[in-house]
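Enquirer: One structure coming up, written as structure tokens, with questions to follow.
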Amino acid sequence: MDVRRKRIRVLVDAWSDIMRMNVKTREEAIDVLKRVYEEAKVEPIRGASNPPDLFDKEMISLYIIGKWGLGIDKELSPEFLNKVFWKEMLVERVINALNSVEDEESLYRKVPELREILDDNFVARTLRFAFTLYYFGFRDEEWFRSVLKKVYKVLSRFEETVRRFVKFYIAYKVGESLERNEIKNRMELNIAKNLLALELSIPRAVPSNNYVLEVAKHYFNLPKKVIEELKRD
């Protein structure tokens with residue numbers, strides 16, 4: 001079973017426990033999520049770092065699998081959803097509003113409560129939400145890239161946060177090619193990284209080879225014969 005399927009299984013099991021245990025708070029849901037991941041010896045979606053709020057962020061995956069995969073949101077009360085998944089629901093509203101806005105002020109008019117809480121962390125969560133929909137197959141890559149570019153345009157003062165996420169995405173895509181044995185040497189690796197950066201039109205977003213390896217190992221089985229090459233920038 002590949003890592004993606006393992007993560008889906010963990011998230012389905014977490015939902016089963018949440019329903020069985022009659023979980024009522026976000027904190028309780030996070031505890032369940034963390035326990036089920038640890039018992040399965042699977043890591044949540046992550047980049048190169050392992051932040052202390054990783055499982056709070058991974059509530060995005062739980063929400064998406066629950067709503068988009070299992071349709072559980074139709075069985076739960078609005079009160080429960082608003083209490084446990086308020087962060088994810090707000091991010092979802094922002095993503096839905098992005099198509100019809102051109103700048104930060106117009107986004108605030110669509111989602112007024114965003115004005116008080118918008119920061120780098122929220123922008124990163126928004127991009128993580130979009131990536132997670134793509135990662136689990138609920139949205140295609142073209143849609144994800146359009147969200148990435150729109151966030152870069154609309155929330156331009158957070159360009160460094162967007163740039164960091166683009167580096168993660170490029171590392172993920174290069175890892176995908178490495179697993180398929182489509183990249184066989186450092187030259188091909190560097191070409192792949194730079195082509196992706198050009199396609200996204202977000203400057204200074206090419207990750208280092210070490211970063212690519214660190215991210216990709218959380219998602220793919222990398223061929224050993226290229227790992228040593230990949231480690232050297």
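Bear in mind that the values in this text are calculations on the coordinates, not laboratory data. Remember, it's a predicted structure, so these values are computed and weren't measured experimentally. Cβ placement follows ideal geometry from the backbone for every residue including glycine, while neighbour counts extend to all protein chains displayed.
Enquirer: Apply the membrane-span-like helix rule to the chain: whole DSSP H runs, Cα extent along the own long axis of at least 15 Å, mean Kyte-Doolittle hydropathy at least -1.0. List the helices found.
Expert: Helices passing the filter in the chain: 3-20, 26-40, 86-98, 120-135, 141-154, 159-179, 186-200.
Enquirer: For the stretch 33-125, take the alpha-carbon Rg, divide it by the Kirkwood Rh, and send me Rg/Rh.
Expert: 1.00
Enquirer: How long is the gain from residue 221 to residue 17 if the chain were fully straight, where each residue apart is worth 0.36 nm and the alpha carbon distance is subtracted?
Expert: Here the segment from residue 221 to residue 17 would lengthen by 70.5 nm.
Enquirer: At a 10 angstrom cut-off on C-beta neighbours, averaged per residue, how do the peptides 190-199, 168-177, 7-16 rank from highest to lowest?
Expert: 168-177, 7-16, 190-199
Enquirer: For residue 184 and residue 99 in the same chain, what is the full-extension length gain: residue separation times 0.36 nm, less their Cα-Cα distance, in nm?
Expert: So the chain would gain 26.7 nm between residue 184 and residue 99.
Enquirer: Which of the trypsin sites (Lys or Arg not before Pro) found in the stretch 17-46 are loop residues per DSSP with 14 or fewer other Cβ atoms within 10 Å of their Cβ?
Expert: When the trypsin sites (Lys or Arg not before Pro) of the stretch 17-46 are filtered for loop state and at most 14 Cβ neighbours within 10 Å, 24, 41 remain.
Enquirer: What length, rounded to one decimal in nm, is gained on full extension from residue 74 through to residue 26, with 0.36 nm per residue of separation minus their alpha-carbon distance?
Expert: Between residue 74 and residue 26, full extension yields an extra 15.4 nm.
Enquirer: Taking Rh as the Kirkwood radius, which is the inverse of the mean 1/r over Cα pairs, what is the Rg/Rh value for the chain?
Expert: 0.98
Enquirer: For a quick check of your reading of the filter: which GluC sites (Glu not before Pro) in the stretch 2-80 sit in a DSSP loop and have no more than 13 other Cβ atoms within 10 Å?
Expert: Those satisfying the criteria are 75.
Enquirer: I'd like the distance separating the alpha-carbon centroids of the stretch 88-117 and the stretch 156-180, in whole Å.
Expert: 23
Enquirer: Report the local net charge at residue 155: Lys and Arg +1, Asp and Glu -1, summed over other residues whose C-beta lies under 14 Å from its C-beta.
Expert: +1
Enquirer: Further question on the same structure: Around residue 146, with a cut-off of 13 angstrom between Cβ atoms, what is the net charge of the other residues, counting Lys and Arg +1 and Asp and Glu -1?
Expert: Neighbour charge sum, excluding residue 146 itself: +1.
Enquirer: Hey, another quick one. At what distance in nm do the modelled label points of residue 42 and residue 82 sit from each other, each positioned 7 Å from its Cα along Cα→Cβ?
Expert: Label at residue 42, label at residue 82, 3.2 nm between them.
Enquirer: Counting other Cβ atoms within 10 Å, which GluC sites (Glu not before Pro) in the stretch 100-156 have at most 11 and lie in a DSSP loop?
Expert: 102, 113
Enquirer: Using only C-alpha atoms and all pairs of different ones, pull out the Kirkwood radius for the stretch 158-201 in Å with one decimal.
Expert: For the stretch 158-201, the Kirkwood estimate is 10.8 Å.
Enquirer: Give the Cα extents of the stretch 158-233 along the principal axes, in whole Å, largest first.
Expert: Over the stretch 158-233, Cα extents along the principal axes are 37, 22, 20 Å.
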